[in-house]
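Working notes for the structure below.
The values are calculated or read from the model by the stated rules, or taken from the named source; none is laboratory data. Note that this is a predicted model, so its numbers are computed, not measured. Don't worry about glycine lacking a Cβ; one is built from the backbone with ideal geometry, like all the others, and counts go over all protein chains shown. Note: accessible area is taken over every heavy atom of the protein model, side chains too, but ligands, DNA and RNA are not part of it. Shrake-Rupley method; radii C 1.70, N 1.55, O 1.52, S 1.80 Å.
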Amino acid sequence: YAEGSSNNKYIEIYNGTGMPVDLSNYVIMQNSNGGPWDEYTDVLSGTLANGDVYVIANSSADSLILAEADLTGSGICFFNGDDARALIKVIGTDTTVCDYIGEFPIDPGTGWDVAGVTNATKEHTLVRKSTVCKGDTSWSNSAGTDSINSQWIVLAQNDWTHLDSHSTNCSSQPPPPTSNSVTITYNVDVSN
């Protein structure tokens with residue numbers, strides 16, 4: 001997750017399942033400033049190989065970011081530090097939230113604190129620790145209160161040294177189950 005200067009913003013998804021993942025079963029949703037979840041929705045496509053990352057970038061980002069982007073022009077990458085987002089798996093009527101950045105429907109004002117860093121989701125880059133083996137549906141648990149119990153490493157703004165890569169100490173994790181553990185209503189505009 002990078003909330004860089006100007007339009008230098010991107011989100012990355014890592015596949016550590018041990019097998020290719022069909023991204024057409026996944027959406028990313030974002031609410032801005034406490035708005036509805038379906039304010040911005042990206043339906044993903046393609047196949048993400050095991051050990052690979054999928055980069056969604058603002059179409060006006062720096063050329064270094066755009067060179068690694070798998071998807072640009074996304075509403076998901078128009079954000080500042082107080083916009084929550086979620087990675088969601090949808091198969092038929094089964095909807096499972098896999099991971100969060102921020103909390104819905106909360107508007108924190110400027111940004112959420114992460115790893116003891118005030119407003120870390122604003123003007124910072126967040127990288128998941130290599131010891132984190134799956135997404136977390138509890139943002140407070142994921143964000144933590146200090147650098148020890150947080151699942152994230154907070155880097156300076158415009159630090160893109162981890163762009164298009166991720167390393168983990170975890171064995172392969174299967175994709176999330178397809179149960180009705182969470183129900184989210186969303187509308188997808190396929191005209192764009």
Selected from ILE91, ILE153, ILE13 as most flexible by GNM, with the chain as the system and alpha-carbon contacts under 10 Å: ILE91
Solvent-accessible area, 1.4 Å probe, carbon plus sulfur percent, for the stretch 1-102: 46
CD proxy at 222 nm, helix term only [per DSSP H run n ≥ 4: -39500 (n - 2.57); per residue of the chain; nearest 500]: -1000 deg cm²/dmol
Residues SER59 and THR110, FRET efficiency given R0 of 35 Å [Cβ-Cβ distance, rounded to 0.05]: 0.90
Unpaired by the 4.7 Å Cβ criterion, cysteines found in the chain: CYS77, CYS98
Relative contact order of the stretch 3-89, pairs being alpha-carbon contacts under 8 Å that are 6 or more residues apart, as %: 39
Surrounding net charge for LEU87, when Lys and Arg each add one and Asp and Glu each subtract one, Cβ distance under 13 Å: 0
For the chain: accessible area per residue (Å², 1.4 Å): 47
Paramagnetic reach from ASP94 in the stretch 1-43 [backbone N under 17 Å; point 7 Å along Cα→Cβ]: 21-27
Relative contact order %, the chain, counting alpha carbon pairs below 8 Å whose residues are six or more apart: 25
Of [x] 64, 40, 31; [y] 85, 40, 27; [z] 39, 38, 33, the label for Cα extents along the principal axes in Å derived from the coordinates: [z]
Dipole magnitude of the stretch 1-157, debye to nearest 20 (Cβ charges: Lys/Arg +1, Asp/Glu -1, about Cα centre): 260
